[in-house]
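Below is one structure, written out as structure tokens; comments come after it.
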Amino acid sequence: MNPRSLFAVAVFAIGGSAALAGESTIPHTLNFKNVTDSRINQTVTENQNDNEKAVELGDFDNDGDLDVVIAIAHSDFGQRRNKLYRNDNGVFNEISGVPAIPGFSNTDTSRTVFLRDYDGDGWLDIYVINDSNSGPGPGSDHLYINRHPGGVFSEFVDETDLRMPFENVSNCSAPACTGAACSGVSIDADQDGDYDIYCGNYPNFDQDNMYFNQDKNPGFFTNVTSTNVPSDNDYTVDVASADMNGDGKLDLLISNHFDPNYIYYNNLNGAGAGVGDYRYAGSKQNLGQASTPENAMEPADFDNDGDQDIYWTNRVGLGDRILQNTGNDANGKAVLPMLDAAVLPPSVTSRISRKVTVFDLNSDGRIDAFVMMENGSNSRPTILRNTTVNGEISFVDWTPGNTFPNAATFEGWNVVVFDADGNGEPEIFLGAFHDDHLFERAPSIELTEGELQGKNGGLLPALFDLDPLAVVGGGGEGEVDVYTASDIGSSSFISVVLNGANDYLLEVLDSGNTVIASSDRGGLGTEEALQVTTSAGSYTIQVTTQECAAIADLDDDCNVGVKDLLFLLGTWGPCPKKGDCPADFDEDGSVGVKDLLTLLGDWGTSEYVLEVLSRSGP
């Protein structure tokens with residue numbers, strides 16, 4: 001076949017293949033909108049005080065979607081009202097009282113709630129942890145068993161005094177009745193296939209408690225505190241759980257009020273009496289002191305290396321910190337160096353956080369974080385977008401100003417993130433100090449470089465304290481695209497994330513054309529990301545294409561097209577000298593069919609996606 005015939009074949013192949021058309025698409029965005037009015041039906045309006053809430057997920061009616069249960073404790077121990085929401089096709093209808101769950105909206109100081117199948121009948125039950133400020137009764141905690149006659153959910157029945165080991169305590173009060181501050185956990189600590197319960201103590205200097213679910217009587221519990229839980233003489237303000245050393249057993253992360261925080265290892269190296277034993281000598285790992293009593297630790301694999309790191313709110317000063325898991329020491333305990341504050345933005349290192357929820361919010365394969373803040377005039381929550389590359393953990397603040405304004409509107413303790421309506425997109429259910437709120441993922445403002453009316457960049461539309469925007473652009477090797485943001489307010493920041501197949505340099509310049517921040521993490525296809533503190537004025541974002549990725553881009557314009565095809569066809573056949581044929585992609589000494597197929601596979605323009613968010617506040 002001669003080159004002319006090959007050219008005709010190539011043109012036909014290009015025209016007949018949509019995959020080679022070079023069409024650009026915006027990747028999964030990270031933006032949310034408030035859909036509370038249309039998707040949450042709350043039956044009783046809350047008071048205006050600080051209703052501290054713990055939010056939990058589970059399909060309690062077995063209809064295939066996730067419902068929500070909330071434990072509420074007023075910070076001054078005034079009004080509190082636990083709540084149950086049924087998910088009806090993505091709409092949450094409150095069913096907190098009779099007939100669904102009589103007595104649930106009581107006057108206890110409820111701190112934590114779990115939805116678990118405790119009795120092994122395939123239906124989720126509810127366990128509520130109350131602190132010792134709750135009133136007298138047959139145990140301040142409550143276990144509600146899910147009743148489902150005929151295979152249809154009917155109601156939850158309080159069977160606390162039948163199933164819990166403190167049922168015979170008359171006039172129950174702490175410490176005989178267990179209680180917790182901000183948290184407990186319900187996990188399979190002893191690996192027998194059912195859910196156990198760990199309760200931290202609060203507000204007295206008392207012992208944490210653990211209850212094992214009985215093997216022969218599922219849903220009935222035995223108190224194993226004296227044999228399985230380390231002695232404790234501090235307020236336990238948060239409890240989390242993860243396999244921190246990779247031995248296949250669930251460990252406990254204990255956040256304390258005054259004492260240091262600890263990891264309690266589960267039967268480490270067989271040192272305990274069996275799986276579920278945390279009491280043996282050497283079980284505790286001291287992680288250091290929190291700076292404020294209101295602290296919490298949340299495990300997650302932020303660097304995608306297969307082990308659990310820790311997000312620690314209020315670890316040092318008033319700021320949050322990341323502990324990066326780098327493997328185990330000689331004793332089998334996790335090595336967790338604390339990373340510099342710079343891996344997190346000022347919005348969480350300069351304010352007092354509450355709890356953090358971890359989830360991949362933009363479906364990019366990295367775990368992001370949603371951080372709730374201490375109540376105050378500027379207590380907006382913070383979305384931390386994970387921008388970790390090659391094990392170097394980093395985050396930028398990516399909290400849409402339209403959805404989460406700088407105000408106390410959405411202050412609270414914690415949220416849950418899940419696919420509420422079955423569309424494959426994450427949604428955020430936020431239990432705020434006042435009322436509950438739902439947010440669903442929404443598109444950013446999406447533009448192309450051409451729509452900005454600039455050949456290499458252009459003027460960005462207004463974005464300060466609004467939604468983030470995404471621009472699809474591209475350029476040849478050495479080309480610089482310049483984007484201008486002209487509406488930036490005072491006491492603010494700009495976050496920028498850049499993704500594409502090529503190697504880029506990302507820079508932000510001030511109005512005096514001085515580079516004030518840059519990102520060049522190197523390598524083809526490596527994401528660039530930065531966050532920079534700004535004042536009022538205009539800022540420039542520069543994208544420099546440093547190297548093109550496509551092997552068949554013979555003219556270095558980061559576009560494989562007709563020019564490259566004509567060059568290849570013009571050099572068809574054996575190379576005069578080895579190394580003298582740029583189109584000999586397979587380096588076999590000849591430009592032939594294999595090289596043509598390589599070019600066709602690279603056909604199209606290599607583009608990048610530049611995402612920008614700017615807002616006021618730290």
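The values are calculated or read from the model by the stated rules, or taken from the named source; none is laboratory data. The shown structure was predicted, so the numbers you read here are calculated from the model rather than taken from an experiment. Cβ: placed from backbone, ideal geometry, glycine included. Neighbour counts: every protein chain shown. Side chains included, ligands, DNA and RNA excluded: accessible areas come from the protein's heavy atoms. Shrake-Rupley method; radii C 1.70, N 1.55, O 1.52, S 1.80 Å.
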Among the numbered conditions (1) over 12 Å from the mean Cα position of the chain (by Cα); (2) assigned to a strand (DSSP E or B); (3) farther than 27 Å from E528 by Cα, tell me where V416 comes up short. (1)
A369 vs. criteria touching a residue at least 60 places away in the same chain (Cβ under 8 Å), in contact with a Gly (Cβ under 8 Å, 6 or more places away or on another chain) and within 26 Å of N286 (Cα to Cα): no
Does the range 441-462 hold any residues that are on the phi > 0 side of the Ramachandran plot and free of Cβ contacts under 8 Å to residues at least 40 places away in the same chain, and which are they? Q453, G458
Quick check on the range 510-532. Is at least one of its residues farther than 27 Å from L384 by Cα, part of a loop (DSSP other than H, G, I, E, B) and open to solvent by less than 70 Å² (accessible area, probe 1.4 Å)? yes
How about the range 364-397: which of its residues are small (G, A, S) and either in contact with a Phe, Trp or Tyr (Cβ under 9 Å, 6 or more places away or on another chain) or surrounded by 23 or more Cβ atoms within 10 Å (Cβ to Cβ) (or both)? A369, S379, S394
If you take the residues in the range 398-411 that are within 13 Å of M372 (Cα to Cα) and under 17 Å from the mean Cα position of the chain (by Cα), which one is surrounded by the most Cβ atoms within 10 Å (Cβ to Cβ)? T399
Give all pairs with beta carbons closer than 7 Å in which a residue from the range 230-257 that is more than 20 Å from Q308 (Cβ to Cβ) meets a residue that is modelled with pLDDT of 95 or more and part of a loop (DSSP other than H, G, I, E, B); count only pairs at least 6 apart in sequence or on separate chains. P230/Y278; P230/R279; P230/S283
Considering the range 587-618, residues that are under 30 Å from V532 (Cβ atoms) and polar (S, T, N, Q), and then whichever is nearest to the chain's Cα centre (by Cα), we arrive at S614
Checking T227 against (1) within 28 Å of I145 (Cβ to Cβ); (2) hydroxyl-bearing (S, T, Y); (3) touching a strand residue (DSSP E or B) at 6+ places or on another chain (Cβ under 6 Å), which test does it fail? (3)
If I filter the range 545-586 down to residues being crowded, with 19+ Cβ neighbours inside 10 Å and part of a strand (DSSP E or B), which single residue comes out as nearest to the chain's Cα centre (by Cα)? T545
Every residue from the range 587-601 that is open to solvent by 90 Å² or more (accessible area, probe 1.4 Å) and either in contact (Cβ under 8 Å) with a residue 40 or more places away in the chain or outside any loop (DSSP other than H, G, I, E, B) (or both): K594, L597
So which residues in the range 164-208 are at pLDDT 75 or above, open to solvent by less than 20 Å² (accessible area, probe 1.4 Å) and out of contact with any Asp or Glu (no Cβ under 8 Å at 6 or more places or on another chain), if there are any at all? G184, V185, I197
Give the residues of the range 236-249 that are surrounded by 22 or more Cβ atoms within 10 Å (Cβ to Cβ) and in a loop (DSSP other than H, G, I, E, B), sorted by residue number. M244, N245
So which residues in the range 346-363 are under 18 Å from A420 (Cα atoms) and either of a type outside the set (D, E) or buried (at least 19 other Cβ atoms within 10 Å of the Cβ) (or both), if there are any at all? T357, V358, F359, L361, N362, S363
L466 closer than 16 Å to I541 by Cα and not aromatic (F, W, Y): no
Selection within the range 106-140 - modelled with pLDDT under 95 and either more than 30 Å from the chain's Cα centre (by Cα) or on the phi > 0 side of the Ramachandran plot (or both): N106, T107, D108, S132, N133, S134, G135, P136, G137, P138, G139, S140
Kindly indicate whether R86 is surrounded by fewer than 22 Cβ atoms within 10 Å (Cβ to Cβ), within 30 Å of D119 (Cα to Cα), modelled with pLDDT under 90 and more than 22 Å from the chain's Cα centre (by Cα). no
Check L438 against each of (1) in contact with a helix residue (DSSP H, G or I) (Cβ under 6 Å, 6 or more places away or on another chain); (2) at pLDDT below 95; (3) under 30 Å from E56 (Cβ atoms) and name the one condition it does not meet. (2)
Checked against (1) modelled with pLDDT of 55 or more; (2) in contact with a Ser or Thr (Cβ under 9 Å, 6 or more places away or on another chain), S24 satisfies every condition except (1)
Examine the range 602-612 for a residue that is touching a helix residue (DSSP H, G or I) at 6+ places or on another chain (Cβ under 8 Å), in a loop (DSSP other than H, G, I, E, B) and surrounded by fewer than 18 Cβ atoms within 10 Å (Cβ to Cβ), and state whether such a residue exists. no
Which one of these is at pLDDT 90 or above and small (G, A, S): G401, G412? G401
Those residues of the range 52-73 which are modelled with pLDDT under 95 and farther than 14 Å from D435 by Cβ amount to A54, A71, A73
List the residue pairs whose Cβ atoms are under 9 Å apart, where the first residue sits in the range 333-353 and is among the polar types (S, T, N, Q), the second is part of a loop (DSSP other than H, G, I, E, B) and open to solvent by less than 10 Å² (accessible area, probe 1.4 Å), and the two are 6 or more positions apart or on different chains. S347/R380; S347/T399; S353/N295
For the range 446-505, what are the residues that are open to solvent by 40 Å² or more (accessible area, probe 1.4 Å) and assigned to a strand (DSSP E or B)? E446, T448, L459, F464, V480, V482, T484, S486, D487, N499
